[in-house]
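To start, the structure itself, in structure tokens.
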Amino acid sequence: MNEAKGSATPAGAAAPAAAGAKDYERILVIRLGALGDFVLSLEPMAAIRRFHDKARITLLTTTPFASLARASPYCDEVMIDERAPWWKVWRGAELTRRLRQGNFQRVYDLQTSGRTARYWRAMGRPEWSGHAPGASHAHLDPERDTLHTVERQKAQLKLAGIDDVPAADLSWVKADVRRFGVREPHVLLVPGGSAHRPKKRWPVDKYTALARIFVRLGITPVLIGGEAEGDVLGEVARHVPEGINLCGKTSFEEIVVLARGALGAVGNDTGPMHLVAAAGAPSLVLFSSESDPALCAPRPGAQGGRVAVLKKPDLIALSVSEVQTALPFSLQVKR
């Protein structure tokens, strides 16, 4: 599915295309997911848009990110990859047909998976920035998997002639969050995460204890998460009725706007924390041995906001007092 969108202008005056940029007519950018990776790719998307300021840019992504992509100033059109399983041959053939009909003169593969490398061959091997061996701008550094996602993507783009990759600017995100009734001061709590990786989650009773501390200080805890995390958020909300439970109620855009007005945020290594950090909320992200912040920690956006990381091999051993001490924002609320 292809969906065109109206042209959008990034916040501030658009920079001219970098020296050496060719006058391409059609560019394809690939970033399928997950949420954290999508947010970390907003920086290279902005750089690609600036480098190819005259080109028509199509973003190939998946359905969950389509709305955010259409609202962004980084592409003119959104194409959906349903990531059909191998046995749905007709679905793969349809996507291949659309990719070929796009007549893309250069492709920036920010997903860099085996699946997307196959797209290069299926498209007839156009100019390609990615990790596909034999591609025109292949990033094959043996150390690439030891780099943070942002640094790896910067190195990839540099090979394609793009040297300047700015911090993510989410000033273009708009949403009306008045229906949630959230008032300042508030903090965002993100106690969920992948259900199949429970060790990435700080225990719910400790989030509850932290939320109670905020309430005693006159700060409203706002719980953010998807419907699949309803049991976790519901448990915190049950013990802290003064908080606001927005489980399954927020779009990505609404999370960004809520983060702009937040005193700060605390959460596990999960997608919404990347949005919150990029939006400018001072953020504390909790890591266990299940993931490495050196490779995937959230990064602050152009609006600032410090991102602090607290890591323990097992998050059960992380105390509430340690988290409170590590908060990158002050709890001294002005009255």
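The set of residues from the range 223-255 being buried (at least 18 other Cβ atoms within 10 Å of the Cβ) and closer than 22 Å to S72 by Cα comprises T250, F252, E253, E254, I255. Scanning the range 276-299 for residues that are over 20 Å from V222 (Cβ atoms) and touching a strand residue (DSSP E or B) at 6+ places or on another chain (Cβ under 6 Å) yields F287, P293, A297. Can you find even one residue in the range 299-322 that is among the hydroxyl-bearing types (S, T, Y), surrounded by fewer than 16 Cβ atoms within 10 Å (Cβ to Cβ) and not assigned by TED's automatic domain parsing to the domain that holds D37? Within the range 299-322 (the criterion being among the hydroxyl-bearing types (S, T, Y), surrounded by fewer than 16 Cβ atoms within 10 Å (Cβ to Cβ) and not assigned by TED's automatic domain parsing to the domain that holds D37), the answer is yes, since at least one residue qualifies. Just one of the numbered conditions (1) under 21 Å from the mean Cα position of the chain (by Cα); (2) modelled with pLDDT of 95 or more is not true of K158: (1). How about the range 197-223: which of its residues are of a type in the set (D, E, K, R), outside any helix (DSSP H, G or I) and in contact with an Asp or Glu (Cβ under 8 Å, 6 or more places away or on another chain)? Scanning the range 197-223 gives a single hit, R197.
Note on the range 256-270: residues that are in a helix (DSSP H, G or I) and either surrounded by fewer than 24 Cβ atoms within 10 Å (Cβ to Cβ) or not β-branched (V, I, T) (or both) amount to 4.
The values are calculated or read from the model by the stated rules, or taken from the named source; none is laboratory data. The structure displayed is predicted, hence computed values, not measured ones. Note: ideal-geometry Cβ built from the backbone for every residue, glycine included; neighbour counts use all protein chains shown.
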